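See structure below.
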Amino acid sequence: MPKQKTLRLILGDQLNESHSWFQKPDKNVSFVLMEIRQETEYVVHHIQKVAAFFAAMRAFAKRLRGIGHQVTYLKLDDRQNHQTIAGNIGELLKGKKFNRFEYLQPDEFRLDLQLRELSESLPVPCEMLDSEHFLTGRMELEDFFAGKKRYLMESFYRWMRKRFDILMDGKKPVGDQWNFDQKNRHAYDGKVPVPEPLLFENNVNAICKTIRKAKVATIGEIKADRLIWPVSRDQTLKLLKSFVTHFLPAFGTYEDAIVANNWHLFHSRLSFALNTKMLHPREVIEAAVAAWKKKSGDIEIHQIEGFVRQILGWREYMRGIYWTLMPDLEAMNFFDQKAALPKFYWTGETRMNCLRCAIGQSLKHAYAHHIQRLMVTGNFALLAGVHPDAVDEWYLGIYIDAIQWVELPNTRAMSQFADGGLVATKPYISSAKYIQKMSDYCDSCDYDWKKRNGDLACPFNSLYWHFLHRHRRRLEKNPRVGMMYRVWDRMKNNEKKAVLNKAAAYLQEIDHL
Ligand SMILES: Cc1cc2nc3c(=O)[nH]c(=O)nc-3n(C[C@H](O)[C@H](O)[C@H](O)COP(=O)(O)OP(=O)(O)OC[C@H]3O[C@@H](n4cnc5c(N)ncnc54)[C@H](O)[C@@H]3O)c2cc1C
Ligand code: SF4
């Protein structure tokens with residue numbers, strides 16, 4: 001009997017060198033990676049995102065070949081590239097006499113469906129294997145919350161801490177508390193200087209040329225001779241080391257802070273490395289915990305807990321939410337929002353300094369940190385009544401780390417409350433007060449953060465009340481929002497009218513704020 005020849009597909013976000021597939025070369029196994037229009041076109045991506053994915057995929061293919069694996073790599077402009085997974089796999093199976101096809105569990109619903117359908121149509125046996133990346137299985141969160149109305153992150157997180165014995169002291173959490181929020185989430189006071197970030201200088205000129213020649217539509221800027229994002233395992237490890245050494249000691253304190261002239265503050269910028277699976281969440285947590293243990297004087301418990309919560313808690317939780325709520329999640333629109341995304345989301349050209357800075361840095365670096373995404377761009381889109389489809393499309397395109405399994409639950413559920421509160425207990429909306437408290441944006445803004453109406457009143461203020469007013473029926477009974485209606489009801493009628501008129505005028509001219 002002829003030996004089985006297996007074709008194995010590696011998707012662009014499956015660059016996991018420690019996967020059991022790659023531990024020993026086998027002459028009866030061949031891997032394939034492909035740069036395809038199917039993936040560059042399902043949304044308009046940031047140019048740095050496309051370039052970083054292709055660069056990381058190419059580096060991964062080279063690495064695999066270096067250790068003896070057989071790899072077929074299809075570049076975007078290769079003649080034999082059919083530009084879809086199905087087209088390329090079909091062709092390879094025809095030509096090379098493979099008698100088996102294998103792929104790793106995809107993280108996106110769309111690809112999961114596509115690969116299942118493909119497998120059913122192929123003339124050879126097919127198998128899907130675990131990607132060996134996440135700490136929890138796709139459906140574990142659903143089982144954990146079975147019968148519950150809400151999916152509370154905090155209960156999931158505590159379960160994960162116990163389950164993986166992370167930051168535990170026997171059955172108790174280290175420091176006797178699960179949560180150190182009162183010590184974390186401060187505005188930046190300049191007391192701790194922000195360390196210089198480790199930025200790579202990857203030359204992606206050739207890749208960018210190919211992307212441009214193929215006329216792939218993209219957004220944002222790039223310095224193609226020095227792409228700052230890590231594109232190899234080696235670089236991701238350097239970034240991880242730099243983070244735990246220099247940034248972790250102040251991570252928690254300033255995790256919600258925003259500073260206009262610093263685009264990363266104490267954040268790790270590890271999301272691209274994690275989402276492409278070049279880094280494993282376990283090793284990130286272990287490196288951070290080891291640094292905390294080693295430098296117990298310099299890294300306090302609230303800093304490490306704040307960070308572990310992001311990876312062990314939020315990241316695994318959002319993945320579970322995605323698989324629990326898909327495909328329904330993609331169509332949810334609790335507030336029945338309809339408006340288009342303001343045009344300045346694509347250019348950064350607005351007089352609102354917070355949005356100009358947050359969008360500007362996103363176009364420049366393909367990155368904004370969490371609170372900018374949630375409380376600046378996300379908050380404004382929700383207040384402005386933007387359709388969640390348009391909001392999703394923007395977030396899915398612009399960020400270096402945007403892959404639907406993590407983008408969608410964060411955007412549609414958490415930030416836009418389109419799930420009606422399965423994830424968040426209340427919508428993440430705020431007036432200018434929050435932005436003024438947590439950032440220095442308002443100091444140099446044309447608008448006045450203190451004003452609700454009148455000339456140059458900050459749009460966040462009137463839009464905030466307008467939003468609450470128009471969604472009263474849906475929100476008044478929410479215990480975390482209800483008190484704002486009492487504040488509104490106590491306001492004088494002429495003041496309420498002026499605020500609503502101001503908001504209506506702003507909504508009319510939204511593209512020109
Ligand atoms: C509207 C919106 C859209 C978002 N879209 C994405 C996205 O497409 N891809 C993405 O990876 N994250 C997304 N996030 C979550 C979060 O903002 C980013 O993970 C984070 O900003 C990445 O930067 P960092 O690596 O410096 O994170 P850090 O602040 O250093 O945090 C460390 C790591 O924790 C994980 N993490 C933290 N918060 C979350 C979260 N809410 N959900 C999942 N993982 C989390 C990430 O892997 C991150 O790298 C989104 C958040 C919002 C509010
Ligand atoms: S005043 Fe309003 S628009 Fe200007 S930065 Fe502050 S919150 Fe943003």
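If R0 equals 41 Å, the separation of the Cβ atoms of residue 226 and residue 158 corresponds to a calculated FRET efficiency of about 0.45.
Here each label is just a point 7 Å from Cα along the line to Cβ, and for residue 485 and residue 148 those points are 2.7 nm apart. Just name one of 396, 481, 414: the one whose Cα is farthest towards the positive end of the charge dipole of segment 392-511 (beta-carbon charges, Lys/Arg +1, Asp/Glu -1). Looking along the dipole axis, the top candidate is 481. If R₀ is 51 angstrom, what is the calculated FRET efficiency for the pair residue 343 and residue 99, using the beta carbon separation as r and rounding to 0.05? With a Förster radius of 51 Å, E is 0.45. A 26 angstrom limit on the alpha carbon distance is what I want to check against. Which of 5/209; 27/75; 75/277 exceed it? From the list (5/209; 27/75; 75/277), the Cα-Cα distance tops 26 Å for 5/209. Spin-label pair residue 130-residue 169: with each label point 7 Å from Cα along the Cα-Cβ axis, the two points sit 3.3 nm from one another. The amide H of residue 431, built 1.01 Å from its N in the peptide plane, has no neighbour under 5 Å, considering only residues 5 or more places off or on other chains. Across segment 133-148, computed HN-Hα scalar couplings (Karplus, 6.51 cos²θ - 1.76 cosθ + 1.60, θ = phi - 60°) run 10, 7, 8, 10, x, 3, 9, 5, 5, 4, 5, 4, 9, 3, x, 8 Hz from first to last residue, x flagging Gly and Pro.
Where both bridge residues fall in the chain, DSSP classifies roughly 15% of the beta bridges as antiparallel. Under a straight-distance cross-link criterion of Cα-Cα below 18 Å, which aspartates and glutamates are reachable from residue 149, leaving out those fewer than 8 residues away in the same chain? Hits, sequence-local ones excluded: 140, 328, 419. Accessible surface of segment 8-82, 1.4 Å probe: 47 percent of it comes from carbon and sulfur atoms. Stretching the chain fully between residue 472 and residue 212 yields a gain of 88.8 nm (0.36 nm per residue, less the alpha carbon separation). The alpha carbon gyration tensor of segment 1-106 gives principal lengths a ≥ b ≥ c with a/c of 1.5 or higher and a/b no greater than b/c, which makes the shape oblate. For segment 28-39, putting each phi into the Karplus relation 6.51 cos²θ - 1.76 cosθ + 1.60 with θ = phi - 60° gives couplings of 9, 10, 10, 9, 9, 10, 9, 9, 10, 4, 3, 8 Hz, in residue order, rounded to whole numbers and with x for Gly and Pro. Annotation: amide H-H contacts under 5 Å for residue 457 (H modelled 1.01 Å from N, sequence separation of 5 or more, or interchain): 448. Evaluated over segment 416-513, the count of Lys pairs having alpha-carbon atoms less than 21 Å apart is 20 (only pairs 8 or more residues apart or interchain).
The phi-based Karplus calculation (6.51 cos²θ - 1.76 cosθ + 1.60; θ = phi - 60°) puts the 3J(HN,Hα) values of segment 226-232 at 8, 5, 7, 7, x, 10, 9 Hz, whole numbers, x for Gly and Pro. Spacing of the modelled spin labels on residue 295 and residue 117, each 7 Å from Cα toward Cβ, amounts to 5.0 nm. Rounded to the nearest 20, the Cβ-based charge dipole of segment 259-388 about its Cα centre (Lys and Arg +1, Asp and Glu -1) stands at 340 debye. Subtracting the Cα-Cα distance of residue 181 and residue 328 from their residue separation scaled by 0.36 nm leaves 49.7 nm.
In the chain, Cα pairs under 8 Å separated by at least six residues give a relative contact order of 16 percent. Dipole check for segment 33-148: with +1 at the C-beta of Lys and Arg, -1 at the C-beta of Asp and Glu, and the Cα centre as origin, the magnitude is about 680 Debye. Roughly speaking, what is the centre-to-centre gap between segment 456-486 and segment 119-194 when only Cα atoms are used, to the nearest Å? Answer, in whole Å: 32. Between segment 1-66 and segment 264-330, the C-alpha centres lie 24 angstrom from each other.
Per-residue ellipticity at 222 nm, computed for the chain from helices alone with -39500 (n - 2.57) per DSSP H run of at least four residues, works out to -11500 deg cm²/dmol.
The values are calculated or read from the model by the stated rules, or taken from the named source; none is laboratory data. Because the structure is predicted, anything quoted here is derived from the model rather than measured. Neighbour counts are summed over all protein chains in view; Cβ atoms, including those assigned to glycine, are modelled from backbone coordinates with ideal geometry. Side chains are part of the model used for accessible areas, which takes the heavy atoms of the whole protein and leaves out ligands, DNA and RNA. Shrake-Rupley method; radii C 1.70, N 1.55, O 1.52, S 1.80 Å.
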